[in-house]
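Q: Pasting in a structure now, in structure tokens, and then I'll have a few things to ask.
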Amino acid sequence: MDRSMVEEIAGKEELIELSAYLSRFVTVERLKKMEKILQWRTRYLTIALEDIFQSHNASAVLRSCEGLGIQDVHIIENTNAYKVSKDIALGADQWLTLYRYNRKDNLNSQRAVDFLRSEGYRLVATVPPSGNTCLLDNFSLEKGKVALFIGTELNGLSETILKEADEFLTIPMYGFTESFNLSVSAAIILHHLSMKLRRQNIAWELTEEEKLRIKILWLMTSVSHGELLVKQFLKERRK
């Protein structure tokens, strides 16, 4: 789905009218569910997956993000292209905002870093336990928005991410095994932090305009020929 059509709409009045127009094509129950879910969505916490070569792992992370209300996922593809595993994601990707960094020059990790910094995120690298890492239970959400970087199970995160990271986060381990599966690690961290976030006095919710834009994208996904309907609406309105 081409979300650029919605991103390019500058006026709130036009967004409201477009939302009302598309809402005519879905049931009242569907609309109520969207409104309810939007109240729990957040961009305070996001995740960046770097060069994940097993698509089922990345797809499982998408499913966890959607279920926990994490709206944005950043996918870095330097050497490994990502394709959604539909049997694993179970449609989760259509409700998320996916940012993909996949140019052919192998500088995609730096692009993700630069973009997330420009959006005001703290860059947090998830790594195995060591002396300079913060344990999950001790991690503070009060210092600002968080972008969690997760790398491959074989090689972990790239030197670019490790060099640029503001903080290092780890899951405490109590057995002989030194780490969890990638998707399990992501689910543990995201569940812990998202639950903690919603219990604290932090402005984690989406703005009203963000909710409106996401709702329009969801409506486009939910109706037949959603993109065509949006194009026709904008063409008629802007005559």
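Q: Which is touching a residue at least 24 places away in the same chain (Cβ under 8 Å), surrounded by fewer than 19 Cβ atoms within 10 Å (Cβ to Cβ) and of a type in the set (A, V, I, L, M, F, W, C), of I161, I188?
A: Of the residues listed, the single one that is touching a residue at least 24 places away in the same chain (Cβ under 8 Å), surrounded by fewer than 19 Cβ atoms within 10 Å (Cβ to Cβ) and of a type in the set (A, V, I, L, M, F, W, C) is I188.
Q: Report yes if some residue within the stretch 95-115 is of a type in the set (S, T, Y) and either closer than 22 Å to N201 by Cβ or in the same structural domain as E210 (by TED's automatic domain parsing) (or both); otherwise report no. It would help to see each step written out before you state the result.
A: Residues of the stretch 95-115 that are of a type in the set (S, T, Y), as a first pass: 97, 99, 101, 109.
Restricting the remaining residues to those that are either closer than 22 Å to N201 by Cβ or in the same structural domain as E210 (by TED's automatic domain parsing) (or both) gives none.
Scanning the stretch 95-115 turns up no residue that is of a type in the set (S, T, Y) and either closer than 22 Å to N201 by Cβ or in the same structural domain as E210 (by TED's automatic domain parsing) (or both).
Q: Turning to a different aspect of this structure: How many residues does the stretch 150-165 contain that are in contact with a strand residue (DSSP E or B) (Cβ under 8 Å, 6 or more places away or on another chain) and part of a helix (DSSP H, G or I)? If you could, list the steps in order and put the result at the bottom.
A: First pass over the stretch 150-165, keeping only residues in contact with a strand residue (DSSP E or B) (Cβ under 8 Å, 6 or more places away or on another chain): 150-152, 157-158, 161-162, 164-165.
Next, from what is left, pick out any that are part of a helix (DSSP H, G or I): 161-162, 164.
Total meeting the criteria: 3.
Q: Let me ask something else about it. So which residues in the stretch 222-234 are within 26 Å of the chain's Cα centre (by Cα), on the phi < 0 side of the Ramachandran plot and exposed (fewer than 13 other Cβ atoms within 10 Å of the Cβ)?
A: Passing the criteria: S224, L228.
Q: Just one of (1) part of a helix (DSSP H, G or I); (2) out of contact with any helix residue (DSSP H, G or I) (no Cβ under 7 Å at 6 or more places or on another chain); (3) touching a residue at least 60 places away in the same chain (Cβ under 8 Å) trips up E236, so point out which.
A: It fails just one condition, (3).
Q: Let me ask something additional. Looking at G144, G91, can you tell me which residue is in contact with a Lys or Arg (Cβ under 6 Å, 6 or more places away or on another chain), surrounded by fewer than 14 Cβ atoms within 10 Å (Cβ to Cβ) and farther than 28 Å from Y174 by Cβ?
A: On the way: G91 fails: in contact with a Lys or Arg (Cβ under 6 Å, 6 or more places away or on another chain).
Going through G144, G91 in turn, just one is in contact with a Lys or Arg (Cβ under 6 Å, 6 or more places away or on another chain), surrounded by fewer than 14 Cβ atoms within 10 Å (Cβ to Cβ) and farther than 28 Å from Y174 by Cβ: G144.
Q: Among the residues of the stretch 119-128, is any closer than 22 Å to R63 by Cβ, outside the structural domain of K215 (by TED's automatic domain parsing) and at pLDDT 90 or above?
A: yes
Q: Here is a follow-up. Evaluate the stretch 92-113: report whether one residue or more is under 15 Å from the mean Cα position of the chain (by Cα), of a type in the set (G, A, S), at pLDDT below 95 and not in a helix (DSSP H, G or I).
A: For the stretch 92-113, residues under 15 Å from the mean Cα position of the chain (by Cα), of a type in the set (G, A, S), at pLDDT below 95 and not in a helix (DSSP H, G or I): absent.
Q: If you don't mind, there's one more thing I want to ask. Look through the stretch 5-58, keep the residues that are at pLDDT below 90 and β-branched (V, I, T), and return whichever of them is nearest to V223 (Cα to Cα).
A: Among them, the one singled out is V6.
The values are calculated or read from the model by the stated rules, or taken from the named source; none is laboratory data. What you are looking at is a predicted structure, and each value in this text was computed from that prediction instead of being measured. Note that we place each Cβ from the backbone using ideal geometry, even for glycine, and neighbour counts take in every protein chain shown.
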